Amino acid sequence: MSKLELFFKKKEIIFCILISFLIVTIWFSSGEQLASGEESFSIFNKVSMDLQTSWWQPSGSGYPIPIYINRLVPIIFTKTLLSLNIQMFLIQAVFYFILIFTGMVGMYFFVRELLKENSFVPLIASIFYFLNLYSQLQIFGRFLYSGMMAWSFLPISLFFWMRWSETFKFKWMVYFSLTSVLFSLSYLQPANIITLWTPLAIWSFYLLFKNRKNLSLVSRIILISTLGIVMWALINVWWLYPYIKIGNLSFISVVSFKSNIDSLVGVSKYFNTPQVLLLRQNFFLGSTSQFYSFYSQVWVYLVSIMVLVIAFIGFIKGRKSKYWLYLVILLFIGWFISKGSNPPFGKAFFGWLFSTIPSSAVLRNPYEKFGIVWLLPYSVFFALGLAKIKNKLLRIFILFLACGVLVWPIWTGRIMKNKRVSVPDYYQEANSWLNQQASDARLFHVPATLGDGMAYSWNYNGVEPSEFLFDKASVSKIVRTKYFDSKYQSLLVFFNENKDFQRIFREMNIGYVILHKDIDSGVSWGDYKKPEAVLKSARNIMLVASFGDLDIYKFDGLDQNSLFETSEGSQVTTYTKINPRHYKVFIKGATKPFSLNFKTTFNESWKARINNLELKEHTLVYDYANDWRIDKEGDYTIDIVFKVWPWE
């Protein structure tokens, strides 16, 4: 019998499979896809892979974003299953099953390796690691795939790291490195680099302290830990280098120290120490929450307190464990960071941290970003505490309350109720029609949001989703990047006042306007009546197609391909798009110096070359776009690339 067969014959593994399968079946029983909040339809959509993973995103007029490449593995997973004609909600269900199962199994093996315990404690720890209030509210309820990935990856990564540092067998380092690639979506939130490496670093320092009198072993631990970091960095260089290289280009400006502290203090009021101890969070369980009526009841609070008491029993009784001190250190650091600016010393510590290491400001919402470091040892101590209760019926009852009743929204699927959506078919029909139009023009979506949120009548409420529903670039929201956002806001003013917005359309290469009549006006800003009136009365705007609740208007003031344009003295005959950050522009008949306008957001990393010679006169045009001054006659090709790698 193979090791794989033996693995799946373990009753603990079967139990993890059953729980994962049951929960996922409940969540996706309606046959609908999950989409909401900041994630929108990311990963689980039919938009081409290069548009979703490029370091230059085409949404709006384009912007640099180094971390979207971290979506690559799950997007490959999605595209592979889509090619087999598997429905999108089933693909998403498989994804969730893998996440939940890996998180639980990883926790099982981590605890078994750490405590050298029998199957009971590791199994209970794995169950609790999933079925607890923190995971319900901050992981799956928060609905950020990077957070879910980090939750799933942490235990198994720690298990591999422990095996590597204890056995010195290289295979464990290989397992660790390869799984870090498979779970690279975790690092889409830069804070998760800190979160995921903290338990590993503490483990290595703990081993150094524990073996401090054995210089040979200390040297070996330092060597393998260093090798592990280097291996991880090398195998993840495909996303690490771009993040370091262009990360500072992805934001309008560096957020000030005061803004970071104010943000930290603002969110910390929702997770003071009592809330953290009970794995709760006041914002998600407050009076405006859909769960308030249940979680505000006294007896539910008492169940949460019971969970804390059981964990405290495990904390006390587990002192004889070989690695108890490691868990305590992890627990303390997890609590201290997670409580944010709350006492004791929270504001002073984070003030020092943010001023000393400015990049650490990614932890300005620490309970969400760092809380799994607190949850991991908490789960172990809960399992140890439950194991000390001798009465089996009482054990079962406590487990039922803690992992059943207390997280009832997980079991009923209510946690996903407001995230279930079915995109109307007319979106696909409209997208297909637009793809048949021989034009590189962008789409402008109205009613337009002043920020980036939008709600539709088909139960969607989150970031405006057009970039995931249409293949052509959509101008539909702010994207928090320099130049574009101010241009977008100007467009809204001119359009809403019906005041020469056609000029901005030409400057931004907007050729179509999509009027959404399915907007949920009770949640979103405005309704469709006003923009419809503007479109019907505006010059050079005509209704060309309708699909369900979508009307498509065309602006006839653009040439067929207007992404590039030149001043007098030359002519762009055509261009080839290699990918979202690489174009070849063919110039014909240049007779004198001219300007080449590239209607994509200005960025110094856009490089234009003729015969490998870089054009130096690169300036801003139209308040947002790129312009190069060219002094070369004749016919030739201009190579334009958004430079990320040194050899480009």
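Secondary-structure-derived ellipticity at 222 nm for the chain, considering helices only, amounts to -15500 deg cm²/dmol, per-run term -39500 (n - 2.57) for DSSP H runs with n ≥ 4. Loop-located trypsin sites (Lys or Arg not before Pro) across region 302-381 with a Cβ neighbour count of 13 or fewer within 10 Å are LYS322, with loop assigned by DSSP. Positive-end ranking of LEU188, LEU227, THR601 along the dipole of the chain, with charges on Cβ about the Cα centre, is headed by LEU227.
The charge dipole of the chain, taken about its Cα centre with unit charges on the Cβ of Lys, Arg, Asp and Glu (plus for the first two, minus for the last two), comes to roughly 3240 debye. Across all Cα atoms of region 108-172, the radius of gyration (one decimal) and Dmax (whole number) stand at 13.6, 39 Å. Peptides 99-107, 65-73, 18-26, 270-278 ranked from most to least packed by the mean count of surrounding Cβ atoms within 10 Å: 99-107, 65-73, 270-278, 18-26.
The chymotrypsin sites (Phe, Trp or Tyr not before Pro) of region 123-199 that meet both conditions, a loop assignment by DSSP and at most 14 other Cβ atoms within 10 Å of the site Cβ, are PHE168. Look at the dipole of region 527-574 built from charges on Cβ: of GLY557, PRO531, PHE547, the Cα furthest out on the positive end belongs to PRO531. Counting other Cβ atoms within 10 Å, keep those with at most 16, restrict to DSSP loop, and tell me which GluC sites (Glu not before Pro) in region 468-534 are left. Passing sites in region 468-534 are GLU497. Taken along the Cα-to-beta-carbon direction at a fixed 7 Å, the label points for ASN248 and GLN428 span 4.6 nm. Segment HIS582..ASN611, full-extension length gain: 8.9 nm, with 0.36 nm per residue of separation and the alpha-carbon distance subtracted.
Ligands, DNA and RNA aside, VAL265 has an accessible area near 60 Å² when probed at 1.4 Å.
Judged by the ratio a/c of the largest to the smallest principal axis of the C-alpha gyration tensor, the chain counts as prolate, that ratio being 1.5 or greater while a/b is larger than b/c.
The share of Cα pairs per 10 Å bin across region 544-648, counted from zero up to the longest distance, runs 13, 44, 26, 11, 5, 0 percent.
State the Cα centre-to-centre distance between region 568-644 and region 72-148 in whole Å. So the two Cα centres are separated by 47 Å. About its Cα centre, the dipole of region 416-524 is roughly 260 debye, where the only charges are +1 on Lys and Arg Cβ and -1 on Asp and Glu Cβ.
The values are calculated or read from the model by the stated rules, or taken from the named source; none is laboratory data. Note that the structure is a prediction, hence the values are computed from the model and not measured. Reconstructed Cβ throughout: ideal geometry from the backbone, glycine too, with neighbour counts over all protein chains shown. Heads up: the accessible areas ignore ligands, DNA and RNA and are worked out on the full protein's heavy atoms, side chains in. Shrake-Rupley method; radii C 1.70, N 1.55, O 1.52, S 1.80 Å.
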